[in-house]
Amino acid sequence: MRKNFVKIFLVAGLSFATLGTFTSCSSNDDSNNNGGGKAPVEVADTNLGGTNGISLKKGQSLHLTADKSWKLSGPLLVADGATLTIDAGTTITASGGTSSYLAVAQGGKIFINGTAQKPVIFTASEKKAWGGIVVCGKASINTGVSSTSEVGSLPYGGTNDTDSSGVIKYVQIKHAGARFTSEKEFNGLSLFGVGNGTVIEGVSVIDGADDGVEFFGGTVNVSKVVSINNEDDAIDWTDGWCGTLTDAYVRRDANNIGNRGIEADNNKNNNDASPRSNPTLRNITLVGHAGTQDEKEGTNLFRVGTYATLDNVVVSGWAVGFTFKDKATIDYFSNGKHITNVKFENVATKVNGIEESAISENEAATGAGAGTQLPDWAKGWSGYNQ
């Protein structure tokens with residue numbers, strides 16, 4: 001759910017209290033996944049951030065290796081022209097509430113090099129113990145040529161739909177979503193105007209206090225997403241996201257854990273704003289826990305002008321399978337061509353807002369790959385044991 005977040009102002013000149021020595025800036029080449037050519041930043045200990053945080057400036061790089069136990073206790077900013085690389089098997093334990101998060105600014109690069117055998121893990125001792133991961137790119141949005149992120153007060157958006165913010169592969173994000181108030185909190189992974197030159201494959205967000213993954217415009221394509229027991233929406237998009245989501249497993253294990261499975265918007269102030277949100281989702285499992293008939297708690301919601309294409313979807317345990325609101329969205333989905341091969345299980349009401357016949361059902365649909373069960377591709381690295 002989109003909220004009016006408190007803005008956290010970051011400046012490139014933050015005190016480097018936790019840093020050791022710096023070498024002079026060298027080549028700006030950051031085409032590989034190790035920050036090659038960047039001036040390496042040495043951290044005096046394994047505490048990333050602290051009260052003042054760390055800001056990697058243009059030409060600087062930071063490399064986190066799996067042989068150390070890293071702690072994130074303040075903001076870690078990857079500014080324009082800087083690079084952060086995190087090796088497979090690395091664990092970062094976060095604390096510090098709303099002051100603790102990782103943000104990649106426009107032009108910054110992040111390389112999370114996890115594997116299915118050795119994921120990168122961001123974790124904490126309890127829910128809401130830290131913020132989350134924020135990435136800002138230069139791709140199209142529909143709130144203006146550029147905008148300012150709700151978290152971090154960083155610019156995002158532009159005209160470069162092939163922009164790359166780096167590579168994020170096989171990462172667990174646990175206990176994120178630190179909140180200022182009940183209406184102001186972080187998502188696990190926030191993608192602001194991120195371009196399709198960015199590679200994102202294998203993201204698991206578990207036990208967060210807000211959305212699992214939220215897209216604010218952009219064109220980024222994402223695959224292999226696991227979103228479990230996050231207290232707001234599992235998957236959320238707004239402001240003109242036009243990428244793809246392939247292979248996603250969403251689950252709520254108890255009442256009042258999670259809001260909607262999908263919350264899909266275009267632009268609340270101008271439902272026909274361009275570029276219109278119009279992603280393609282394939283191989284999706286949405287497992288709810290139907291303890292209420294209330295729209296907020298029990299549905300997958302499409303509204304305020306969003307379009308989308310969904311194929312091979314398993315919808316289980318929701319009070320209402322799909323809800324459609326607002327004229328542009330209702331008109332689009334009413335033609336029966338955009339949500340296909342859907343299997344409903346334990347769903348009291350399949351569809352609200354359009355005719356049920358507009359959803360193409362298929363009892364053979366497998367969703368993420370194993371119906372309502374955790375698919376093989378998500379086992380192990382995702383950190384979820386069903």
Selection over the range 327-370 where residues are among the aliphatic types (A, V, I, L, M) and surrounded by fewer than 18 Cβ atoms within 10 Å (Cβ to Cβ) yields a count of 5
Of these, T238, T309, which one is farther than 23 Å from G131 by Cα and either surrounded by 24 or more Cβ atoms within 10 Å (Cβ to Cβ) or not aliphatic (A, V, I, L, M) (or both)?
T309
Among the residues of the range 109-148, which ones are part of a loop (DSSP other than H, G, I, E, B), of a type in the set (A, V, I, L, M, F, W, C), closer than 30 Å to D272 by Cβ and modelled with pLDDT of 95 or more?
A139, I141
Here are some conditions: (1) assigned to a strand (DSSP E or B); (2) closer than 27 Å to F180 by Cβ; (3) of a type outside the set (A, V, I, L, M). D233 meets all but one. Which one does it not meet?
(1)
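Being charged (D, E, K, R) and in a loop (DSSP other than H, G, I, E, B) is the filter here, so list the residues in the range 354-369 that pass it.
Residues satisfying the conditions are E355, E363.
Please go through the range 155-195 and give me each residue that is of a type in the set (S, T, N, Q), in a strand (DSSP E or B) and under 30 Å from S274 (Cβ atoms), ordered by number.
Correct list: S190 only.
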Between a first residue in the range 238-255 that is in a loop (DSSP other than H, G, I, E, B) and at pLDDT 95 or above and a second residue that is small (G, A, S) and surrounded by 24 or more Cβ atoms within 10 Å (Cβ to Cβ), which pairs have beta carbons less than 6 Å apart while being 6 or more apart in sequence or on different chains?
D239/G217; G240/G217; G240/S277; W241/G217; W241/G218; W241/S277
In the range 67-85, how many residues are in contact (Cβ under 8 Å) with a residue 40 or more places away in the chain, farther than 16 Å from G152 by Cβ and either of a type in the set (D, E) or assigned to a strand (DSSP E or B) (or both)?
2
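I'd like the full set of residues that are surrounded by fewer than 24 Cβ atoms within 10 Å (Cβ to Cβ) and part of a strand (DSSP E or B), limited to the range 212-230.
Residues satisfying the conditions are N221, S223.
Conditions (1) in contact with a Phe, Trp or Tyr (Cβ under 9 Å, 6 or more places away or on another chain); (2) farther than 30 Å from F122 by Cα, marked per residue:
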{"position": "D311", "(1), (2)": "no, yes"}
{"position": "V315", "(1), (2)": "yes, no"}
{"position": "G321", "(1), (2)": "yes, yes"}
{"position": "T329", "(1), (2)": "yes, yes"}
{"position": "H338", "(1), (2)": "yes, yes"}
{"position": "N352", "(1), (2)": "yes, yes"}
{"position": "A358", "(1), (2)": "yes, yes"}
{"position": "G367", "(1), (2)": "yes, no"}
{"position": "N385", "(1), (2)": "no, no"}
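The values are calculated or read from the model by the stated rules, or taken from the named source; none is laboratory data. Worth saying up front: this structure is predicted, and the values here are computed from it rather than measured. Positions of Cβ are generated from backbone atoms using ideal geometry, with glycine treated the same way; all protein chains shown enter the neighbour counts.
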